[in-house]
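**Q** Before I ask anything, here is the structure I am working with.
The values are calculated or read from the model by the stated rules, or taken from the named source; none is laboratory data. Quick caveat: nothing in here was measured; it's all calculated off a predicted structure. Neighbour counts run over all protein chains shown; Cβ positions are idealised from the backbone, glycine included.
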Amino acid sequence: MNRQFLTVVSAMLLVSGLNASAQSKLQLLFSGTCYTTDAQGRIVAQPINNQTLLKKAADAGGLKDTSGLGLAYHINGNELGDTIEVINRTTGATLSTVFGLYFGESFGRQALMSASRRQMKRIEYIYTDQNDHSLGSVFLTDYYFLDNNGNTNATYVLGQMQYLILSGGSQTNAQVCTASFTTFRPWKFQ
């Protein structure tokens with residue numbers, strides 16, 4: 001099953017002619033559920049996905065709609081590690097960082113790299129603008145597609161997240177969230 005999956009993804013990347021080494025912002029499909037309490041104190045589920053994340057960013061930025069926004073997985077988004085960002089779909093400019101995925105290899109922690117150097121599994125800690133400390137973790141699987149010289153020419157990332165959204169500010173109730181995401185082709189900008 002994994003070999004079939006990798007073959008299909010590899011073929012899609014080759015057919016599209018994209019070079020991910022030149023693009024570090026990958027398109028992202030995000031889907032999950034956040035649990036919170038309602039006015040009666042019952043635990044209720046709320047969906048979280050690309051559209052809800054983009055709407056929240058648009059509202060925070062005073063934008064009327066999300067039409068010019070996109071969600072990106074930014075490889076090495078900053079000096080701490082990878083990020084999930086809201087971007088301008090035309091220019092690629094980062095408008096806000098939704099999640100920072102940091103410190104997975106710090107303090108003696110290690111990622112697992114396959115002997116072929118085509119797959120890595122790792123755990124990163126999730127940071128948001130709500131707190132200076134980790135509010136969750138993400139289990140990542142990175143797939144690397146190599147050229148004939150062994151250089152990475154495309155990357156594909158799968159993630160499974162569990163994290164908290166704290167109460168306070170514009171957030172009335174705390175939320176406990178679980179989500180998954182898949183990256184696909186790099187964003188193209190003008």
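**Q** Kindly evaluate Leu54 against the criterion of being at pLDDT 95 or above, surrounded by 19 or more Cβ atoms within 10 Å (Cβ to Cβ) and in a strand (DSSP E or B). Let's see the steps before the verdict.
**A** Values: at pLDDT 95 or above: yes; surrounded by 19 or more Cβ atoms within 10 Å (Cβ to Cβ): yes; in a strand (DSSP E or B): no.
When the stated conditions are applied, Leu54 does not pass them.
**Q** Looking only at the stretch 145-173, which residues are of a type in the set (A, V, I, L, M, F, W, C) and either in contact with an Asp or Glu (Cβ under 7 Å, 6 or more places away or on another chain) or within 22 Å of Glu124 (Cβ to Cβ) (or both)? Break it down stepwise before answering.
**A** Let us first name the residues in the stretch 145-173 that are of a type in the set (A, V, I, L, M, F, W, C), namely 145-146, 154, 157-158, 161, 164-166.
Matches in the stretch 145-173: Phe145, Ala154, Val157, Leu158, Met161, Leu164, Ile165, Leu166.
**Q** Being assigned to a loop (DSSP other than H, G, I, E, B) and of a type in the set (Asp, Glu) is the filter here, so list the residues in the stretch 57-100 that pass it. Even if it seems obvious, please write down each step before you answer.
**A** At the first step, the residues of the stretch 57-100 found to be assigned to a loop (DSSP other than H, G, I, E, B) are 61-68, 79-80, 89-93.
Correct list: Asp65, Glu79.
**Q** Quick check on the stretch 103-115. Is at least one of its residues surrounded by 15 or more Cβ atoms within 10 Å (Cβ to Cβ) and touching a strand residue (DSSP E or B) at 6+ places or on another chain (Cβ under 7 Å)? Step through it out loud before you land on a result.
**A** Taking the stretch 103-115 first, the residues surrounded by 15 or more Cβ atoms within 10 Å (Cβ to Cβ) are 103-104.
Then keep just the ones that are touching a strand residue (DSSP E or B) at 6+ places or on another chain (Cβ under 7 Å); that gives 103-104.
Looking through the stretch 103-115, at least one residue is surrounded by 15 or more Cβ atoms within 10 Å (Cβ to Cβ) and touching a strand residue (DSSP E or B) at 6+ places or on another chain (Cβ under 7 Å).
**Q** Select from the stretch 101-112 the residues that are of a type in the set (A, V, I, L, M, F, W, C) and assigned to a strand (DSSP E or B) and write down the one among them that is modelled with the highest pLDDT.
**A** Kept after step one, since they are of a type in the set (A, V, I, L, M, F, W, C), are these residues of the stretch 101-112: 101, 103, 107, 111-112.
Now narrow it down to the ones that are assigned to a strand (DSSP E or B): 101, 112.
On the way: Leu101: 97, Leu112: 94.
Step by step, filter the stretch 101-112, then rank; the result is Leu101.
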